[in-house]
Amino acid sequence: MIFLQLGILLICIFIGSRMSGIGLGVMGMIGLLILLFVFGMQPADPPLEVMLIILSVVTAAAALQAAGGMDYLVNVAAKILRSHPEQITILGPLVTYCFTLFAGTAHISYSILPIIAEVATKARVRPERALSMSVTAAHMGITASPVSAASAALLTVLVANGIKLADILMVCIPSTLIGVIVGILFVLKKGKELDKDPEFIEKMKDPVFANSIEGDSRNSEIVLKPSAIKSVVIFGLAVLGVVLLGSFPALLPEFSGKEGFTPNFAVNAAGQVQIPSMIMMIMLSAAGLIILFADTTAAQVTKASLFASAGQATIAVFGVVWMSGTFMEHNYVQIKETLGELVTAYPWLFALALFTLSILLFSQAATTKALMPLGLSLGMAPAFLVGIFPAVIGHFFIPGYPTLLTAIQFDRTGTTKIGKYVLNHSFMLPGLVTTAAAVIAGLILQSILL
């Protein structure tokens, strides 16, 4: 019976991933209804904390975008990348990683990727190298960002086991950075040099294409809104606030000694405000301060492209994680008996399971919330789960994620592409090498630091 239930769950995930957007969420709900009415499963708790954190953080990022803060960051990136064009394969991924680390979303890379493609082409550096690693670095940066939905999801799972945000960051920031550097070294000489690539040479025979390459100049900076820098400062202070409160729980408000105290969604049994709720408060407050002091409006925030992505991500996590959680809770005993000894003997298999599920879910946060609780129940150490956290970026495996497709579109030389057999695309090997290096580094660091 469990295999039939698992089959239904996987079919819903597969169909939902093909739909893209809110597809995972709505198909997850269909699967949940089937599990409920056909198999009589009791629904698990919905992932409310992760959903609300996604809405809060992405709303703050949308406010940053509406106020021109994203444009300011892109201008900074452009200056860095154009100052050393011959080093674009190194600088492109590192800049993208840092910007994602700050903003908590890979969507910022959409504005950086065309600059990377342009700089690489003009410097006659094979764009595939810089673009493939920049996309991979953006995904990797999400697992190291203090304000990403994925990091928040991991924190909500492990906080009861004594893991603080500082613990996650001091393992995941260096481990993912090591992974990115290893990935950069891997692609540094990957493929033929651009001026020796037959496809590019053939394209350059077309005068129109050649003129567009030689004459294409995007050195003009984006005209910034008056309070763009102010919005970046506000957002940066909010990120700093999250890091401080998440790293030092003693700073959080405490209510246990007050008359009439009762624990609730935001306050735990010890009377302390829970860090997930504090993240929501801080990030939505940051959005409010940006609206008040950075010359933007609430209407402009809701029209920002990032705000639409918040709705999609929230619905996707809502449906698929609720369905997966219900399946796992109902079959907990059988899953533990089947996987417990295997995972105990070969812990690395759980990292492989995270990677595999992330391929299907196209979401680091959804993968984290769906599988990390299972890891705890199987007896895996919380520190070990922090170490293998970078394994949740497997959504580069199938070339359908928007960042991959965007990078391919911006590379007019044709070096960044999807191969004849689909899976032999430009991002596969860089992604696998980077992920493996980050997980190995994470396991070493967690054994030393945690």
Filter result (more than 15 Å from F327 (Cα to Cα) and surrounded by fewer than 15 Cβ atoms within 10 Å (Cβ to Cβ)) within segment 1-26: F14, R18, M19, S20
- line: Note on segment 278-309: residues under 30 Å from K164 (Cβ atoms), small (G, A, S) and at pLDDT below 90 are S309
query: Just one of the numbered conditions (1) closer than 30 Å to R126 by Cβ; (2) touching a residue at least 24 places away in the same chain (Cβ under 8 Å); (3) of a type in the set (K, R) is not true of K369; which one?
result: (1)
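Which residues, counting only those in segment 222-236, are surrounded by 13 or more Cβ atoms within 10 Å (Cβ to Cβ) and either in a loop (DSSP other than H, G, I, E, B) or free of Cβ contacts under 8 Å to residues at least 60 places away in the same chain (or both)?
I222, L224, K225, S227, V233 - these are the residues of segment 222-236 that are surrounded by 13 or more Cβ atoms within 10 Å (Cβ to Cβ) and either in a loop (DSSP other than H, G, I, E, B) or free of Cβ contacts under 8 Å to residues at least 60 places away in the same chain (or both).
Hey, among L376, L404, L423, which residue is of a type outside the set (S, T, Y) and farther than 22 Å from S132 by Cα?
Among L376, L404, L423, only L376 is of a type outside the set (S, T, Y) and farther than 22 Å from S132 by Cα.
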task: Would you please list the contacts, defined by Cβ atoms under 6 Å and residues six or more apart or on different chains, that run from a residue in segment 145-168 that is over 20 Å from A60 (Cβ atoms) and β-branched (V, I, T) to a residue that is in a loop (DSSP other than H, G, I, E, B) and at pLDDT below 90?
output: none
task: May I ask you to list pairs of residues, at least six apart or on different chains, whose Cβ atoms are under 8 Å apart, with the first in segment 247-259 being under 9 Å from Q272 (Cα atoms) and the second being in a loop (DSSP other than H, G, I, E, B) and of a type outside the set (S, T, N, Q)?
output: P249/K164; E254/A270; E254/G271; F255/F261; F255/G271; S256/A270; S256/G271
message: Anything in segment 47-72 that is over 20 Å from G288 (Cα atoms) and buried (at least 20 other Cβ atoms within 10 Å of the Cβ)? List them, or say none.
response: P47, E49, V50
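Counting only residues that are aliphatic (A, V, I, L, M), under 18 Å from I53 (Cβ atoms) and in a helix (DSSP H, G or I), how many does segment 238-275 have? Step through it out loud before you land on a result.
First, pick out the residues of segment 238-275 that are aliphatic (A, V, I, L, M): 238-240, 242-245, 250-252, 266-267, 269-270, 273, 275.
Keeping just the survivors that are under 18 Å from I53 (Cβ atoms) gives 238-240, 242-245, 252, 266-267, 273, 275.
Subset that is in a helix (DSSP H, G or I): 238-240, 242-245, 275.
Result for segment 238-275: 8.
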task: Say whether the condition of being under 30 Å from D71 (Cβ atoms) and either buried (at least 16 other Cβ atoms within 10 Å of the Cβ) or basic (K, R) (or both) is met by at least one residue in segment 317-338.
output: yes
- prompt: S247 is checked against (1) within 30 Å of I440 (Cα to Cα); (2) buried (at least 19 other Cβ atoms within 10 Å of the Cβ) and fails just one. What number does that condition carry?
  reply: (2)
- prompt: Do any helices (runs of 4 or more DSSP H) entirely within segment 359-450 hold 3 or more residues that are touching a Leu at 6+ places or on another chain (Cβ under 7 Å), and if so, which?
  reply: 364-377, 382-387, 402-410
message: Just checking, does segment 292-313 include any residue being surrounded by fewer than 24 Cβ atoms within 10 Å (Cβ to Cβ), of a type in the set (D, E) and assigned to a helix (DSSP H, G or I)?
response: no
query: Is it fair to say I282 is under 17 Å from P47 (Cβ atoms), surrounded by 17 or more Cβ atoms within 10 Å (Cβ to Cβ) and either within 21 Å of the chain's Cα centre (by Cα) or not hydrophobic (A, V, I, L, M, F, W, C) (or both)?
result: no
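Give me the residue from segment 347-356 that is part of a helix (DSSP H, G or I) and surrounded by fewer than 21 Cβ atoms within 10 Å (Cβ to Cβ) and, out of that set, nearest to the chain's Cα centre (by Cα).
Of everything passing the filter in segment 347-356, T356 is nearest to the chain's Cα centre (by Cα).
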message: Please go through segment 87-118 and give me each residue that is touching a His at 6+ places or on another chain (Cβ under 9 Å) and either not in a helix (DSSP H, G or I) or not small (G, A, S) (or both), ordered by number.
response: I90, L91, T100
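Considering each of P127, P43, P93 in turn, give the residue that is at pLDDT 90 or above and either farther than 25 Å from L185 by Cα or in contact with a Pro (Cβ under 8 Å, 6 or more places away or on another chain) (or both).
P43
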Residue ID - surrounded by the fewest Cβ atoms within 10 Å (Cβ to Cβ), chosen from residues in segment 32-46 that are closer than 15 Å to A370 by Cα and not hydrophobic (A, V, I, L, M, F, W, C): D45
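The values are calculated or read from the model by the stated rules, or taken from the named source; none is laboratory data. What you see is a predicted model; the values in this text were computed from it and never measured. Quick reminder, even Gly has a Cβ in these numbers, built from the backbone with ideal geometry, and neighbours come from all protein chains shown.
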